[in-house]
Every structure is written in structure tokens, then in C-alpha cells.
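**Student:** Pasting a structure below so you can have a look.
The values are calculated or read from the model by the stated rules, or taken from the named source; none is laboratory data. Note that this is a predicted model, so its numbers are computed, not measured. All Cβ positions, glycine included, derive from the backbone under ideal geometry; neighbour counts span all protein chains shown.
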Amino acid sequence: MGESVSVDELYVALLRYYRVATFWGDPRVKLESDIAKLVEEGLTREEAIKRLFAEKIGDYRVLAERRRSALPEILEGAKLIYAGRRFGVVYVETDPFFENLPKLGRILDEVEERYGEVVAVIPNVGAVTTSLFTGISGVKGVAIVFKLQRSEAEQQSEQAGGQH
């Protein structure tokens, strides 16, 4: 691995991926099960981790690049749901809605400053605290979809690939 990304780093990145992608059960158990299946096919554990990384996340060099421009620990009051190659999604609980608007605004600002352009804010409507009294649904939270800022190297690589 020319970019000096260790197998341990790949494993940790895979575990993060499985934590987001696994809805039921233990993500570590699922990851270990997938590694074991590849080992049964004749791969070493290291090769299995590399293959899973390539299948689930992509080129390991992406991890090396992300290490330099990694998403910092997630914003206070928000949950990182997905961080892909080009887009990410953060979920913010907003119940009670009016009281949480300042938090939502702060998180929107931070997402734009740290990660990239916010392209959508999607409300999650359902039963909220006031629903107990009024029977009316409200905004429980919002998903903030953002386009990840890419390094100059990534942008140049894409432009070079698109010019034939």
C-alpha cells in the first residue's frame, strides 16, 4: 500500500462503515463474519480486509486522502449517518422544534464550514412532544445532506479522467 494506510486503519474504517450500514445485530460480528467467509475462500485475513474495503468503501487511497481532510468528530447535537465519497448526511433531532432552531442553525453553519455545501435539509415529520396534547404531528428532526469538499488532487484527477 503505497499511501501508507495500515490494515488496522482499513479495519477501523470498515467497522465505521458497518456501524452505519448494519441495522440489526452487532456490526463487529457482521464484519468478522464477512472476513471469515473470505478467509474460507483462501484469502489471508489481511487480503480479506483489503477486499472488503475495496468492495464496501472503495480505493484505500481515499482513506489516506480523508485522513488529511477527515471529518472531525461529529458536531455536538448531531449524528453522522453517512459519509461517502461525495456526499454526507447528518441527522439533527429538533423536538421541540422552536427551541432547537438555534442548534439547527449552528449545525448548518458548521456543516458548511467544515464539510461542504449543504444541498438539502429534509424534515422528519412524526409524533413529537406536543403531539401528546394536540394530536398533531411535527418535525422530529432533520437530515442535512451535504456535498463533501474534495481536495484539489481529487478534482484534478476527475477533470483529467473526463477529458478524452
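**Student:** From the set of residues in region 97-135 that are surrounded by 14 or more Cβ atoms within 10 Å (Cβ to Cβ) and more than 24 Å from Tyr17 (Cα to Cα), which is modelled with the lowest pLDDT?
**Tutor:** Ser131
**Student:** From the list Ser157, Ser151, pick out the single residue that is modelled with pLDDT under 75 and within 26 Å of Tyr18 (Cα to Cα).
**Tutor:** Ser151
**Student:** Would you check which residues across region 1-51 are in a helix (DSSP H, G or I) and touching a residue at least 40 places away in the same chain (Cβ under 8 Å) and list them?
**Tutor:** Val7, Glu9, Leu10, Ala13, Leu14, Tyr17, Val20, Ile49, Lys50
**Student:** Here's another thing I want to ask about it. Quick one: in region 56-96, which of the residues that are basic (Lys, Arg) and out of contact with any Leu (no Cβ under 8 Å at 6 or more places or on another chain) is modelled with the highest pLDDT? Outline the logic, then answer.
**Tutor:** Here is the first cut: in region 56-96, the residues basic (Lys, Arg) are 56, 61, 66-68, 79, 85-86.
Within this subset, residues satisfying the condition of being out of contact with any Leu (no Cβ under 8 Å at 6 or more places or on another chain) are 61, 66-68, 79.
Working: Arg61: 65, Arg66: 52, Arg67: 47, Arg68: 45, Lys79: 74.
By that ranking, first place goes to Lys79.
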